[in-house]
Amino acid sequence: RPHMTALIRSLLVVVVACLITSSSRARAEVVFGNLGATGSGAIAGTTTDFGPNDTDERLIAQGFTVSGSATLLDLESVTLGLFFDNFATASRTVSIYSTSGTTPGSPLFTSSPVTVGVNAKYTFPFSGATLTPGSTYWVVPSGPASWYFNNGNTLPIEQNASTYTYFDTLVQNPSSQWVDPTFASSYSVSVVAVPEPPALVLAGIAVSAAILGIGRRRKSA
C-alpha cells in the first residue's frame, strides 16, 4: 500500500518536528542574570558610561559557572543593557568565552549580529552553542566599548533554579590583561537556555521507531 507508507512517513516528519520544536520552546528559561526570572526587569540607572574615549579598559567580561547537575545547556540568547549612540547605530555581537584559570580564555561561541543604538536591552541569539556542566564561561560583548551600558547595582544570580552561579566581572586593559573593573561590579545581563539537543533528538528517534514499527507490521499483514 504505497499511499499508506507515504502517509506514515509524512506523519512521522510532522510528529518529530513538532516534538523537538515544542519541547525547545516550552523549556526555554532564563538561567542567569540580574533582569529577573523572565528577563523583563528594567535596566537600572547608569553610574558610568564606558565611552569611546576610555582607553584604560576595553573588553568587559562577566563570568558564570554551570553546575555539574545543570540540564538547560543549549544557549538560546543573551540579553544585555547597552548603548552605542543616541543618533547612530552599529552592528555588534556577544561572545561566550572559555575560562583560563580565573580569567577569560578564548571565544567559543558568537551570537548573530544585532544593531545597537540608544540605551536599551538588546537580545543576541545563538545557534549551536551547547555548554558543558561543571564549566565556567564568560559573556563578552564585542567592542568598541562605547556601547557598554553599566548597571552597577545588583550582581547577576541563578534564575529559575538553573544552578548557574555568578563567577566574576573583569575588564581588559590596553596590555590585554584581565583586571578588576574600576567603575562597577556587574552589568545588566539575562541568559536564556534550553535542554541540550541530544535529549530532544533521542525523544524524536523513539517516536520515529514506534511509527515505523507500526508501518512495517501493517505492510507485513
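The values are calculated or read from the model by the stated rules, or taken from the named source; none is laboratory data. Computed from a predicted structure; not experimentally measured. Cβ: placed from backbone, ideal geometry, glycine included. Neighbour counts: every protein chain shown. Ligands, DNA and RNA are excluded from the accessible area calculation, which covers all protein heavy atoms including side chains. Shrake-Rupley method; radii C 1.70, N 1.55, O 1.52, S 1.80 Å.
Per-residue accessible area for Glu76 at 1.4 Å probe radius, Å² rounded to 10?
For Glu76, solvent-accessible area is about 80 Å².
If r is the Cβ-Cβ distance from Ser91 to Ile157 and R0 is 41 Å, what FRET efficiency results, to the nearest 0.05?
0.85
For a protection proxy built on the mean count of beta-carbon atoms within 10 angstrom, sort 97-109, 59-71, 164-176 highest first, please.
The densest-packed peptide leads the list: 59-71, 164-176, 97-109.
Summing +1 for each Lys or Arg and -1 for each Asp or Glu, what net charge is found among the other residues whose Cβ lies under 15 Å from the Cβ of Thr71? If you can, show how the numbers build up before the last one.
Details: positive: Arg27; negative: Glu29, Asp74, Glu76, Glu158, Glu196.
It works out to a net charge of -4.
What's the local net charge at Gly39, with K and R +1, D and E -1, over the other residues with C-beta under 12 Å away?
-1
State, to one decimal in nm, how far the label point of Ser175 lies from the label point of Ser106, with both points 7 Å from Cα in the Cβ direction.
In this crude label model, Ser175 to Ser106 measures out at 2.4 nm.
Apply the a/c threshold of 1.5 to the C-alpha gyration tensor of the range 57-104 and tell me whether it is rounded, prolate or oblate. Write down the numbers at each step before the final one.
Working: a/c = 3.34, a/b = 1.73, b/c = 1.93.
The shape class here is oblate.
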